[in-house]
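The values are calculated or read from the model by the stated rules, or taken from the named source; none is laboratory data. Computed from a predicted model, the values in this text were never measured in an experiment. Cβ atoms come from the backbone with ideal geometry, glycine included; neighbour counts cover every protein chain shown.
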Amino acid sequence: MKEKLYNILRLLLGSGSLLRKYQINFCSNLSLKGLSLELGATETIENNFSYFIKHDNEFHLSNNFENKKLKIFRADLTKKLKIRSNKYNNILIFNVLEHLPDYHTSLTEINRILKKDGTLIGSTPFIYQIHGAPKDYFRFTKQFFENELKKKKFKIIKIECLGKGPFTACYSLLFAYLRFLPIFSQLFLLICFLLDNFLQIFIKTNLKDIFPIGIIFLAKKK
């Protein structure tokens, strides 16, 4: 109960979009061992999801640009990666796959560079605004990841829809404007949580599975 209340407070009071806060909550409960790679890392280290994960070894960072000072190397996910096979114990890919016109190549390459029994952790938005980086191509469902990860020879450990229901999904869509009104934004989010909880009383299906603001997954390479 205390942990649940703590997570709700983090969602209400934390900075950034609701999707990002859910993703950070998920990462903060992870502990990884071995050599890890974050695909799509930023030049602001505190904004990277690896920053929130407990780990006992080095985290390599990559993006479609290079920054030697911050040790970010260039990795073009639309092509075969210049990384040896079976190199990493863990790979993170958050909010990246929707920007790739050929996600099949990316998932195949991720499988190749990940060690056997290695962990793949990722997330993509669903009910979320178009956000070019520079392009925004796809929205993936929970069923998509269940099917695609199995085809790529991954054992699925967890796939979870993020959010609470239709009201929090509306909040997520409005956040680009609500963020300029911080106190009102937090109050509005609290009301959305309460309304979704009330609505859930009358609905058998978990509302976040119908109105997800994002999907998060954890899988192991077979």
For GLU58, which of the numbered conditions (1) charged (D, E, K, R); (2) under 17 Å from GLY214 (Cβ atoms); (3) modelled with pLDDT under 95 fails to hold? (2)
All but one of (1) more than 24 Å from VAL96 (Cβ to Cβ); (2) among the aromatic types (Phe, Trp, Tyr); (3) at pLDDT 95 or above hold for PHE180; which doesn't? (3)
Among residues of region 40-77 being surrounded by 14 or more Cβ atoms within 10 Å (Cβ to Cβ) and among the hydroxyl-bearing types (Ser, Thr, Tyr), the residue nearest to ARG112 (Cα to Cα) is SER62
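A quick yes/no check of all residues on (1) surrounded by 15 or more Cβ atoms within 10 Å (Cβ to Cβ); (2) over 20 Å from LEU18 (Cβ atoms):
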site: THR105; (1), (2): yes, yes
site: ASN111; (1), (2): yes, yes
site: LEU114; (1), (2): yes, yes
site: THR119; (1), (2): yes, yes
site: GLN129; (1), (2): no, no
site: TYR137; (1), (2): no, yes
Picked from region 121-168 (must be farther than 28 Å from LEU35 by Cβ and among the small types (Gly, Ala, Ser)), the residue nearest to the chain's Cα centre (by Cα) is GLY163
